[in-house]
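Written below as structure tokens is the structure these notes are about.
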Amino acid sequence: MNVCVIGTGYVGLIATAVFADWGNNVVGVDIDKEKIDMIKQGKMPIYEPGLAEVVEKNVKEGRLTFTTNIGDGIRDAEIVFICVGTPQDDTGAADLSYVWGAAEEIGKNLNGYKIIVTKSTVPVGTNEKVAMIVKDNLKKDIPFDVASNPEFLKEGSSVEDMRHPDRTILGSNSQKAIDTLKQLYAHLNTPVVECNLRTAEMIKYASNAFLATKISFINEIAQICERAGADVSVVADGMGLDKRIGRAFLYPSIGYGGSCFPKDVAALYRTSTDQAYDFKLLRGVMEVNERQKEYYLDNIVGELGKNLDGKVIACLGLSFKANTDDVRKSVALTVIQRLRGLGAALRVYDPKGTDNSKDHLGDANIYYASDSYDAVEGADALCILTEWKEFQELDFGKVKELMKGNYVFDGRNLLDINTIQDLGFTYFAIGRPTNGTKKISSKFTRSVLLS
Ligand code: UGA
């Protein structure tokens, strides 16, 4: 099939590569010339395992091309995917200006029947407006259909996620559009949900909001475990064995971040208030997520004091999660900025996210280390902020020798409690019984219970 993909961000670039790899002729379009030039030279604008190889292979085999000209991009396409960004605006709602811009350009350049499909995460009702904008911009009366086909890939495993999705959601008021899209995905042996546009749009938001709810739920359970002397990791293992619950997304943390959950949860909440409904549970999910960061910082301040002048803190992890260089809405960066604000000197390291972090953090009071051992040198405390596997595999005996102090604040429950404590560290985890005494402002603190 001939496919055009508008937008070469995470979703768009992966979609171009994987659609082409399935044997389709694909044109990727982006208004950003620098980005398109970079991709044409085989340099990926993002770090994503396996992506560069799939792009290179399909460009070489002639199925994948890139352009900045939307007219050229859509000319021969039967299906045009809109994969542009939908960032959060000042009110918490999704900023849809890029989607409207793409729809306008498609309308102006439409040269025959096409199916226009939105993959970007867009609020309920967006695709109906896309259809109106395309229609308003047509130079002559040309038929087209609109469909919603939300994407569920995760950064860090996006190529594999797109190749092996759990489900395909196809929302459209046109059976012809749904049948054509079914052909595109025909070789995937996964369930297809056929529905109307609004239902498809809602499935995406409901899915992301539910996953964020799981995270905030386990973060709350972690708080109770901490006070009650239970171990949240084992609690999550025990819960996760129930097939109705599942183990995924029950990893306590310093809060969820990234370019999707914070924005999508806020946008769904905004949709609910627009519909005159107060989505109380979702409000709680957001509040818990904010509190989780505070709670992590409280533990550090509880030990090192509110004035961190003269203290050196090593931070391992800058990206919003492991296996990505993406630092957008990364809680790690929030924590680092807050510690710097209290006077600490930071020594930071991330396997992939350092360059992107420099734009956000600058240089003041921050040393960008060349590896984890370089980061911990002379540090009073070590904060683990992202769950990169290589941090788990460090020689902590060596880390102990290099550090000045012995505090470890593990924001991802990444380390083995016994190994770390046996080495003489004072270890703080999230919702696990460790030798770090948390100064929790409840009369049922663990230390009270144990005394
Ligand atoms: C998320 C969804 O998982 C994808 O299905 C969706 O397609 C994507 O958003 C999107 O809308 O584009 P992503 O943002 O790449 O994917 O990252 P996740 O793996 O979902 O992690 C989000 C955040 O939650 C990260 O900060 C991560 O560290 C945190 N997290 C995740 C936890 O704190 N605990 C967990 O158990 C899982």
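The values are calculated or read from the model by the stated rules, or taken from the named source; none is laboratory data. Please read these numbers as outputs of a predicted model, since none were measured by experiment. Heads up, the Cβs are rebuilt from the backbone with ideal geometry, glycines too, and the neighbour counts pull from every protein chain shown. These area figures cover heavy atoms from the full protein model, side chains too; ligands, DNA and RNA do not enter into them. Shrake-Rupley method; radii C 1.70, N 1.55, O 1.52, S 1.80 Å.
Table for the structure above
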{"read-out": "Matching option when the condition is surrounded by fewer than 19 Cβ atoms within 10 Å (Cβ to Cβ), closer than 23 Å to Thr121 by Cβ and within 13 Å of the ligand (Cβ to nearest atom), among Ala248, Ala267", "value": "Ala248"}
{"read-out": "Enumeration of residues in the range 306-331 that are touching a strand residue (DSSP E or B) at 6+ places or on another chain (Cβ under 7 Å) and either of a type in the set (Val, Ile, Thr) or not in a loop (DSSP other than H, G, I, E, B) (or both)", "value": "Val312, Ile313, Ala314, Cys315, Leu316"}
{"read-out": "Scan of the range 122-169 for residues that are hydroxyl-bearing (Ser, Thr, Tyr) and farther than 23 Å from Asp89 by Cα, ordered by number", "value": "Ser157, Ser158, Thr168"}
{"read-out": "Count of the range 221-277 residues which are under 23 Å from the mean Cα position of the chain (by Cα) and assigned to a helix (DSSP H, G or I)", "value": "17"}
{"read-out": "Matching residues, the range 388-406, being closer than 14 Å to Tyr427 by Cβ and among the small types (Gly, Ala, Ser)", "value": "Gly405"}
{"read-out": "Failed item, numbered, when Met162 is tested on (1) within 16 Å of the ligand (Cβ to nearest atom); (2) in contact (Cβ under 8 Å) with a residue 12 or more places away in the chain; (3) open to solvent by 30 Å² or more (accessible area, probe 1.4 Å); (4) within 23 Å of Tyr205 (Cβ to Cβ)", "value": "(3)"}
{"read-out": "One residue from Tyr407, Tyr367 being open to solvent by 20 Å² or more (accessible area, probe 1.4 Å), touching a Lys or Arg at 6+ places or on another chain (Cβ under 7 Å) and within 15 Å of Leu346 (Cβ to Cβ)", "value": "Tyr367"}
{"read-out": "Residue list for the range 370-394, restricted to those being within 18 Å of Asp309 (Cα to Cα) and open to solvent by 90 Å² or more (accessible area, probe 1.4 Å)", "value": "Glu377"}
{"read-out": "Residue list for the range 219-272, restricted to those being of a type in the set (Phe, Trp, Tyr) and out of contact with any Phe, Trp or Tyr (no Cβ under 8 Å at 6 or more places or on another chain)", "value": "Phe249, Tyr251, Tyr256, Phe261"}
{"read-out": "Looking only at the range 108-123, and only at residues there that are of a type outside the set (D, E, K, R) and farther than 18 Å from Asn173 by Cβ, the one that is most open to solvent (accessible area, probe 1.4 Å)", "value": "Asn111"}
{"read-out": "Residue within the range 333-341 that is modelled with pLDDT of 95 or more, part of a loop (DSSP other than H, G, I, E, B), among the polar types (S, T, N, Q) and within 16 Å of the ligand (Cβ to nearest atom) present", "value": "no"}
{"read-out": "Cross-chain or 6+ apart pairs with Cβ under 9 Å, the range 132-150 first and free of Cβ contacts under 8 Å to residues at least 24 places away in the same chain and in a loop (DSSP other than H, G, I, E, B), then of a type in the set (Val, Ile, Thr) and open to solvent by less than 30 Å² (accessible area, probe 1.4 Å)", "value": "none"}
{"read-out": "Top-ranked residue of the range 180-200 - restricted to ones that are farther than 28 Å from Pro49 by Cα and either in contact with a Phe, Trp or Tyr (Cβ under 8 Å, 6 or more places away or on another chain) or open to solvent by less than 70 Å² (accessible area, probe 1.4 Å) (or both), ranked as farthest from the ligand (Cβ to nearest atom)", "value": "Thr180"}
{"read-out": "Residues of the range 299-332 satisfying the condition of being away from the ligand (no atom under 16 Å from the Cβ) and either closer than 21 Å to Met286 by Cβ or of a type in the set (Lys, Arg) (or both)", "value": "Lys306, Lys311"}
{"read-out": "Tally of residues being crowded, with 16+ Cβ neighbours inside 10 Å and either of a type outside the set (S, T, N, Q) or in contact with a Ser or Thr (Cβ under 9 Å, 6 or more places away or on another chain) (or both) across the range 288-300", "value": "9"}
{"read-out": "Pairs with Cβ under 6 Å, 6+ apart, first in the range 239-261 and over 22 Å from Leu333 (Cβ atoms) and of a type in the set (Gly, Ala, Ser), second open to solvent by less than 60 Å² (accessible area, probe 1.4 Å) and within 7 Å of the ligand (Cβ to nearest atom)", "value": "Gly240/Leu250"}
{"read-out": "Of all residues making up the range 124-136, the number that are more than 15 Å from Ile70 (Cα to Cα) and open to solvent by less than 10 Å² (accessible area, probe 1.4 Å)", "value": "3"}
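Residue-by-condition table, conditions (1) of a type in the set (Ser, Thr, Tyr); (2) over 17 Å from Leu181 (Cβ atoms); (3) more than 16 Å from the ligand (Cβ to nearest atom); (4) in contact with a helix residue (DSSP H, G or I) (Cβ under 6 Å, 6 or more places away or on another chain):
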| residue | (1), (2), (3), (4) |
| --- | --- |
| Gly101 | no, yes, yes, no |
| Asn111 | no, yes, yes, no |
| Lys119 | no, no, no, yes |
| Asn127 | no, no, yes, yes |
| Lys139 | no, yes, yes, no |
| Ile142 | no, yes, yes, no |
| Val146 | no, no, yes, yes |
| Glu151 | no, no, no, yes |
| Lys154 | no, yes, no, yes |
